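Asker: My structure is below; once you've seen it, I'll send some questions.
The values are calculated or read from the model by the stated rules, or taken from the named source; none is laboratory data. As the structure is a prediction and not an experimental result, all values here were calculated from the model. Cβ sites come from the backbone with ideal geometry, for glycine too, and all protein chains shown count toward neighbours. The accessibility values were calculated without ligands, DNA or RNA, using every heavy atom of the protein model including side chains. Shrake-Rupley method; radii C 1.70, N 1.55, O 1.52, S 1.80 Å.
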Amino acid sequence: QVRLVESGGGLVQPGGSLRLSCAASGFVFSFAAMGWYRQAPGKQRELVASISSGGGTNYDDSVKGRFTISRDNAKNTLLLQMNSLKPEDTAVYYCKHQYLSAWGQGTQVTVSS
């Protein structure tokens, strides 16, 4: 059974930083392409960053240069370092195996002064 548990969200001021974590289980994490998605109120869920099993990364233009996706295969954990946060980054953030349909509960990120 696939299980994804996101954590690390919170309230931060513009320009601040947060580090999100996703604990994964139920599949071979080291072989999995993974992604971080977000959904803002009234908007569709969107992919913001992805990482292949080999460590190759891709980013949406809106977060390029500010967010860094990484993985710790020894701990079955996906990470998202978010710097220089903007109010438009406010959303619920989810991690996902790119080829499986399961979603976690997400973690709320709010950027506001």
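Asker: Mind telling me which of the residues ALA49, ALA23, ALA74, ALA91 ends up being without any contact (Cβ under 8 Å) to a residue 60 or more places away in the chain, loosely packed, with under 12 Cβ neighbours inside 10 Å and of a type in the set (A, V, I, L, M)? Can you show your working first?
Answerer: Working: ALA49 fails: loosely packed, with under 12 Cβ neighbours inside 10 Å; ALA23 fails: loosely packed, with under 12 Cβ neighbours inside 10 Å; ALA91 fails: loosely packed, with under 12 Cβ neighbours inside 10 Å.
The unique qualifying residue is ALA74.
Asker: Being in contact (Cβ under 8 Å) with a residue 12 or more places away in the chain and basic (Lys, Arg) is the filter here; which residues of region 52-71 pass it?
Answerer: Hits for region 52-71 are ARG66, ARG71.
Asker: So is GLY42 more than 19 Å from GLN13 (Cα to Cα), open to solvent by 60 Å² or more (accessible area, probe 1.4 Å) and free of Cβ contacts under 8 Å to residues at least 60 places away in the same chain or not?
Answerer: The answer is yes for GLY42.
Asker: Considering only residues of region 102-113 that are farther than 19 Å from ILE51 by Cβ and part of a loop (DSSP other than H, G, I, E, B), which is least open to solvent (accessible area, probe 1.4 Å)?
Answerer: So the residue we want is SER112.
Asker: Please give the number of the condition VAL111 fails out of (1) out of contact with any helix residue (DSSP H, G or I) (no Cβ under 6 Å at 6 or more places or on another chain); (2) in contact (Cβ under 8 Å) with a residue 40 or more places away in the chain; (3) β-branched (Val, Ile, Thr).
Answerer: Every listed condition holds for VAL111 apart from (1).
Asker: Are any residues in region 26-47 closer than 20 Å to ASN76 by Cα and under 16 Å from the mean Cα position of the chain (by Cα), and if so, which ones? Reasoning before the result, please.
Answerer: The first filter runs over region 26-47 and keeps only residues closer than 20 Å to ASN76 by Cα, leaving 26-37.
The answer is PHE29, ALA32, ALA33, MET34, GLY35, TRP36, TYR37.
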